[in-house]
C-alpha cells in the first residue's frame, strides 16, 4: 500500500525522533547506514520532508537533520501524504482504475474498512506518540545488528 519511499521516510523520521535533538543533528549518510537504505534516495526524501517542514535541518559544520518539538507533533499522515500523496488510500486494492462504493471490486468491502482504520490511525498518531509506543512495546525500525538466526 505504501511505496518504499514512504516506508523509508517514516523510518527516517522515527529514527530522527529517537536519536536527534536540536543540539544533536544527524547526517543523511549516518541515517541511511543505520536503517540500511540507499543513501542518495534517503537524502532526497529528507530534503523533501525538510521543505515541507516535517523535519528540520541545518547546514555547515555540525549540521544535519533533526526533529524539533514542532516536528514531533506532526502525524504519520503528514509524512505519508508528503511522500505518497493524499490519495494513496484511494487506490483499488486489486489495481482497478474505477473502484469505489458504487463500483466495487471483488474485495472492496473487505479492504475498505481496513484502509479507513489505517488512515484514521495515521491521522491521529503524532511522531511523539509513535515513539512513546515503540519504546513501551520494544518495536524496531531496523534489523541492523539483530541476530535473526534464533
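General observations
- Most mobile of 13, 131, 107 in a GNM of the chain (Cα contacts under 10 Å): 107
- Degrees, to the nearest 10: 4-19 long Cα axis against longest axis of the chain: 40 degrees
- Ranked list, fewest to most other Cβ atoms within 10 Å of each Cβ, for 22, 37, 80: 22, 37, 80
- Ranked for footprinting exposure by Cβ neighbours inside 10 Å, fewest first, 114, 89 give 114, 89.
- Compared with the direct C-alpha span, the chain from residue 30 to residue 136 gains 35.6 nm at full extension, assuming 0.36 nm per residue.
- The mean of 1/r over all pairs of different alpha-carbon atoms in the stretch 1-67, once inverted, gives a Kirkwood hydrodynamic radius of 11.6 Å.
- Against the chain, whose longest principal axis is taken from its Cα atoms, helix 39-51 shows a tilt of about 80°.
- Evaluated at q = 0.23 Å⁻¹: base-10 log I(q)/I(0), Debye formula over Cα of the stretch 29-116: -1.10
- Percent RCO, i.e. relative contact order, over the chain, from Cα pairs under 8 Å lying at least 6 residues apart: 28 percent
Rule-based calculations on the coordinates, nothing more; no lab input. Predicted model only: the values in this text are computed from it and were never measured. For neighbour counting, all protein chains shown are included, and Cβ atoms are generated from backbone atoms with ideal geometry for every residue, glycine included.
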